[in-house]
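The values are calculated or read from the model by the stated rules, or taken from the named source; none is laboratory data. Here the structure is a predicted model, which is why all the values come from computation and not from measurement. Every residue, glycine as well, gets a Cβ built from its backbone with ideal geometry; the counts of neighbours run over all protein chains shown. Note: areas computed on protein heavy atoms with side chains; ligands, DNA, RNA excluded. Shrake-Rupley method; radii C 1.70, N 1.55, O 1.52, S 1.80 Å.
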Amino acid sequence: MSTPQISMPPQFANYINGEWAPVSRTFENRNPANTDEVVGVFAKGSAADIDAAAAAAEAALPGWSSMPAPARGNILYKAADILEKKFDQLGAEMSREEGKTLPEAKGEVRRAINIFRYFAGEGSRLDGVMVPSERERVHVFAIRKPIGVVGLITPWNFPIAIPAWKMAPALICGNTIVVKPASVSPLSAWRIVEALHEAGIPKGVVNFVAGSGAELGEALVKAKPIKAISFTGSNDVGHWLHNEASKRRLRIQLEMGGKNPTIVLADADLNSAVENVANAAFFSTGQKCTATSRAIVEDAIYDKFIGALVERTKVLKVGDGMQAGIDIGPCVDQGQLDTVLKYIEIGSKETGAPLCGGKRLTGGAYDKGYFVEPTVFGDVKPEHTIAREEIFGPVLAVMRAKDFDDAMRIANDTPFGLSSSIQTTNLSRAMDYVYRAEAGLLTINLPSAGVEYQLPFGGTKDSSFGPKEQGPAALDFYSDFKTVYLKY
C-alpha cells in the first residue's frame, strides 16, 4: 500500500543582487476565500536584508544608468512578454492570494503587462528641454537623469498593477530599486521580479524583500543608499514615512486614502447611475482607494435611486473569486474583515439598520473565508463616522442633497481628495463639476474606480503627496534634470 503524497506549498525567496537569497524565516500567504489553502511560503526579510538590497542597488546604479534607455526598454519589453506567457497563471494566483474575482484579476494582469510595454517605449523617447538662449552662440538644453536607488512600498489590493506602475518608470529612467510588497499578497509582485530576472536584467538593479511592514519600512527609509521612496498605502503609515523621509531630505511620493463621492443628479440616466455606483462601491469588495464610499443623491430622485440600488445590491453574488458568476470576493484578511464589521456596527448606531447587507456570511464554504455582505446605509449625514472615515470594504453611505450646489458642498467636505464621480446628462453641470470638484481623478457617467495607465494618477489634499504616478507624469518623480549651457 503506497503512502499518500502530501504536496507542500511552494516557497518563494527574496531576490537580492541578482540571486534568490537563502531563506531563514518564513511567513504564509493564505487564500482569503479558503484559509485552509496556503498559496505560498515566503521568506520573511529583515532589516539586514534591506541593507544588503540597498547596497546591491547602489553598486548596480552606474552600469544601469549608463545603459542607453532604449536598451533598458528592451529588457522591460522582454519582461512583459514573459508575463504575457503566464497570463492565466498570474490571474489565478492573484485571485487566490488577494481574493478578487478571476476576471478582475486577469484584467489587472493585462494592465501590468501594458504598463511595462508603455514604459519600455518611453526608453526611446525620454524627453528633455531645448529652448533658445538669450545669448549669441550659446546652445542650451536639459536632459533627464536618474535620481539613484529608489525604495518602492506597494499595497495588497492591486498586487501586480501598482508594483508595475512603480517599477517600470523607475527602471526606464535609469534608477535601481528595492521593492517591499504587502505581506498579505506578495506573490504577484514576486512574479514581476521573476520575469525581470528571466529577461536578463543586470544583477543588483532589482531587489525584492518581503516581510513585516513595520520592520522593513523603517529599514528602507533609513538605508543610506536610498534617495527616494514611493509608497501606496494607509494615511497613518504615509504620514509616518513623510516625517522620517524628511529627516534625510529624501524625495517621497505618497498615495494614500480616499472617501470618494459619487454625485447622482436628478437628470442622470437612472439605470446607468445605479450600475456605476454599485460597481464602484462593491466590486473588488470595495477594496480600492478609488472606490465610491459616499453616494450623494439629489433629493428629487433619492427614493427612486436608493430603491433601485438596494435591489441591484441584493442580487450581487459573494463567494470564491475563482468560481464563475461571482461578483464579490472576500475581504483580504481577518483584520480587514474586522474593520468592515466595526464600521457596519458604527453605521447601524448612527443611522439605523442598513437597507441591505450588514452581516458576515457564514455556513459551508463561507466559514473558511472572510466574506461580508455588500452593505447600503441610507440617509447618512455628513457628520456621521461612516461618511468621514475610510472603511475600505463593501459599505456604501447614501446621502441626500438639495440640489447640485448642495451636492458639491457635501462631496468636497472631506480631508481626502483622491477620486470623485458625477452622474448627469447636463453638460453644463458636468463641466461645472470638473472645475469645482476637489479630487485628482474625476469621472463623469462612469464608476469612480477604474483608471488607465497612460494618464497621470493621484489625488489632492490628504490623499496624495508628491508628483503624480502613471503616464508621462511618472517620469517626473523618478528623474531629475541636468541643464547644459554650451558656448560654440
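Within region 329-344, track down each residue that is of a type in the set (Val, Ile, Thr) and open to solvent by less than 30 Å² (accessible area, probe 1.4 Å).
Scanning region 329-344 gives VAL332, VAL340, ILE344.
Please determine whether any residue of region 182-195 is at pLDDT 95 or above and in contact with a His (Cβ under 9 Å, 6 or more places away or on another chain).
The answer is no, given that none of the residues of region 182-195 is at pLDDT 95 or above and in contact with a His (Cβ under 9 Å, 6 or more places away or on another chain).
Which residues, counting only those in region 75-127, are small (Gly, Ala, Ser) and part of a helix (DSSP H, G or I)?
Across region 75-127, the qualifying residues are ALA79, ALA80, GLY91, ALA92, SER95, ALA105, GLY107, ALA112, ALA120, GLY121.
Just for region 84-116: of the residues that are more than 28 Å from TYR370 (Cβ to Cβ) and under 19 Å from the mean Cα position of the chain (by Cα), which one is surrounded by the fewest Cβ atoms within 10 Å (Cβ to Cβ)?
ASN114
Is region 294-308 home to any residue that is open to solvent by 20 Å² or more (accessible area, probe 1.4 Å), of a type outside the set (Gly, Ala, Ser), over 25 Å from VAL184 (Cβ atoms) and part of a loop (DSSP other than H, G, I, E, B)?
Scanning region 294-308, I find no residue that is open to solvent by 20 Å² or more (accessible area, probe 1.4 Å), of a type outside the set (Gly, Ala, Ser), over 25 Å from VAL184 (Cβ atoms) and part of a loop (DSSP other than H, G, I, E, B), so the answer is no.
Please verify whether PRO202 is touching a strand residue (DSSP E or B) at 6+ places or on another chain (Cβ under 8 Å) and either at negative phi or surrounded by 21 or more Cβ atoms within 10 Å (Cβ to Cβ) (or both), treating the condition exactly as stated.
Judged against the criteria, PRO202 is not a match.
Among the candidates ASN243, ASN271, ASN276, which residue alone is among the polar types (S, T, N, Q) and touching a Pro at 6+ places or on another chain (Cβ under 8 Å)?
ASN276
Just checking: which of the strands (runs of 3 or more DSSP E) contained wholly in region 359-465 hold 2 or more residues that are out of contact with any Phe, Trp or Tyr (no Cβ under 7 Å at 6 or more places or on another chain) and closer than 30 Å to ALA164 by Cβ?
In region 359-465, the matching strands (runs of 3 or more DSSP E) lie at 419-423, 441-444.
Yes or no: region 464-486 includes at least one residue that is over 18 Å from the mean Cα position of the chain (by Cα) and of a type in the set (Gly, Ala, Ser).
For region 464-486, residues over 18 Å from the mean Cα position of the chain (by Cα) and of a type in the set (Gly, Ala, Ser): present.
So is GLY347 open to solvent by less than 30 Å² (accessible area, probe 1.4 Å) and not in a helix (DSSP H, G or I) or not?
no
Can you tell which of SER46, SER7, SER66, SER24 is open to solvent by 70 Å² or more (accessible area, probe 1.4 Å), of a type in the set (S, T, N, Q) and within 21 Å of GLY204 (Cβ to Cβ)?
Only one candidate passes the filter, namely SER66.
Return the residues of region 219-256 that are under 30 Å from VAL310 (Cα atoms) and buried (at least 23 other Cβ atoms within 10 Å of the Cβ); say none if nothing qualifies.
Result: MET256, single match.
Residue under question is PHE87, and the condition is that it be closer than 24 Å to ALA223 by Cα and of a type in the set (Phe, Trp, Tyr); does it hold?
no
If I ask for residues that are in a helix (DSSP H, G or I), in contact (Cβ under 8 Å) with a residue 40 or more places away in the chain and more than 22 Å from the chain's Cα centre (by Cα), which ones from region 230-278 would you list?
Residues satisfying the conditions are SER272, ALA273.
Touching a Pro at 6+ places or on another chain (Cβ under 6 Å) and β-branched (Val, Ile, Thr): is that true of VAL23 in this structure?
Here the answer is no, as VAL23 does not meet what is asked.
Being open to solvent by 10 Å² or more (accessible area, probe 1.4 Å) and among the hydrophobic types (A, V, I, L, M, F, W, C) is the filter; apply it to region 183-198 and report the residue that is nearest to ALA228 (Cα to Cα).
The residue in question is TRP190.
Please indicate, with yes or no, whether at least one residue in region 132-140 is touching a Ser or Thr at 6+ places or on another chain (Cβ under 9 Å), more than 13 Å from LEU475 (Cβ to Cβ) and in a strand (DSSP E or B).
Yes, there is a match, as at least one residue in region 132-140 is touching a Ser or Thr at 6+ places or on another chain (Cβ under 9 Å), more than 13 Å from LEU475 (Cβ to Cβ) and in a strand (DSSP E or B).
Could you tell me which residue of region 350-376 is surrounded by the most Cβ atoms within 10 Å (Cβ to Cβ), considering only residues that are within 21 Å of ASN157 (Cβ to Cβ) and among the hydroxyl-bearing types (Ser, Thr, Tyr)?
Among those that are within 21 Å of ASN157 (Cβ to Cβ) and among the hydroxyl-bearing types (Ser, Thr, Tyr), it is THR375.
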